[in-house]
1. Per residue, how big is the convex hull around the C-alpha atoms of the range 273-324? Give it to me in cubic angstrom, could you?
2. Rounded, prolate or oblate, given the Cα gyration tensor of the range 19-80, with a/c below 1.5 counting as rounded?
3. Which is the longest stretch in the chain that no exposed loop site breaks, taking sites as GluC sites (Glu not before Pro) with a DSSP loop state and at most 13 other Cβ atoms within 10 Å?
4. Taking only C-alpha pairs under 8 Å that are 6+ residues apart, what is the relative contact order of the chain in percent?
5. Report the charge-dipole magnitude of the range 153-301 in Debye, nearest 20, computed about the Cα centre from +1 at each Lys and Arg Cβ and -1 at each Asp and Glu Cβ.
6. For the chain, build the charge dipole from Cβ charges (+1 Lys, Arg; -1 Asp, Glu) around the Cα centre, then report which of LEU190, VAL139, GLY298 sits farthest towards its positive end.
7. Give the share of C-alpha pairs in each 10 angstrom bin for the range 62-147, from 0 to the last occupied bin, in whole percents, shortest bins first.
8. Find how much the distance from ALA296 to ALA164 grows on full extension, using 0.36 nm per residue of separation minus their present alpha carbon separation; answer in nm with one decimal.
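The values are calculated or read from the model by the stated rules, or taken from the named source; none is laboratory data. As the structure is a computational prediction, the values presented were derived from the model and not from experiment. Note: ideal-geometry Cβ built from the backbone for every residue, glycine included; neighbour counts use all protein chains shown. Each accessible area value is taken on the protein alone, full model and side chains, heavy atoms only, with ligands, DNA and RNA left out. Shrake-Rupley method; radii C 1.70, N 1.55, O 1.52, S 1.80 Å.
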Amino acid sequence: MNTHRYSRLVMFGAAPETRGSIAAVVECYRAHGLFKHWPVEYLATHGGGGAARSGALALDALRRFALVLARHGRAPVHLHLSGRAAPRRDAAFMAAALAARCPLIVQLHGGGFEQGHGNRLEALLFEQAACVIVACESVRAWVRSVARHAHVICLPPPVAWAEAPPPMAGRPDLVLFLGRLDPAKGIVDLLEAVAGLRASVPEVRLVCAGDGDRIGVARAADSLGVADAVKFTGWVGPSGKRALLEAAAVVALPSYREGLPLSLLEAMAAGVPTVASAVGGVPEALVDGVGGYLIAPGDKASLERHLRRLLLDRELGARLGNAARESARVRFAPERAIARLDEIYTGLGLAPLGAAPRPTLADLRKAA
């Protein structure tokens, strides 16, 4: 019996050039064949360039959504949301999909949903969705706290498997910070740790790759006497990030709150040991003492101690990095994420494009 009820899926998300985890995850899905296997119509709801451009993209996405419905009838909707995005805009797209009686998949990216999200309307929309996809158990708990009857699925973001990284022994004393330059990310704590490292690791350098309050962070570095040891790159794309990870001896993520940061998974896949705060979904991905070290948020002494250990003992760093890389291969490979989406789409009755069958999650578990 033919169980295919739909011939098209509408995916809402960030414009491809947008900075952030939504665009990165969607591009990974695209690169690993999701859009070739399924009839996906991708509609950008927001992007860089300010509020005016995002507003124009949102209106155009709604217009094109109406055209898809007119052409194909009802279609499943896969909507990507970020904790830093506009809750009202997100609610409008969820409401539009449900008003058209389209099966709705809501995928939450990053953290910060407890700030500005979770109102009664959003909770109702979550409960009406076919499923809500989250990156980690901590975000699942938040969804359940605001929408008790929501069907929540935990699906970590995919991270591409890197080629064999350069040896750890030949790398400079470089600490890499990947993230927004914001106090909540622990960047000032990291500057203090770098200041404390200079006595034992005089050539230590900190590279800060991300947007945010660059001027404020630069002033803090100057007041701590480490301005000469800190470099700001701004936001970096995939190739720039890859080059930084190949040069880094350790990645530091001393955040005060997180979901499951994609930068952590990218560091693991690149074989770089990480010192990270045990917040949000971080402990779900990084095992303390195996792929890196976990610290309490704000514990600057432990942050400095673990960074020093990894900078001075490169054999240890290589061992932890290799373990992290293997963990990323087994748990966060794109094929696993796409196999789970295949199951979700099939369950909704979406017809594939006729490509050859792909490995299921059960197949991948056996192979691992």
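1. Looking at the range 273-324, the number lands at 50 Å³ per residue.
2. Oblate.
3. Excluding the exposed sites themselves, the longest stretch runs over 204-368.
4. 17 percent.
5. 200 debye
6. My answer, from the dipole projection, is VAL139.
7. All Cα pairs, binned at 10 Å, distribute as 18, 53, 24, 6 percent.
8. 44.4 nm
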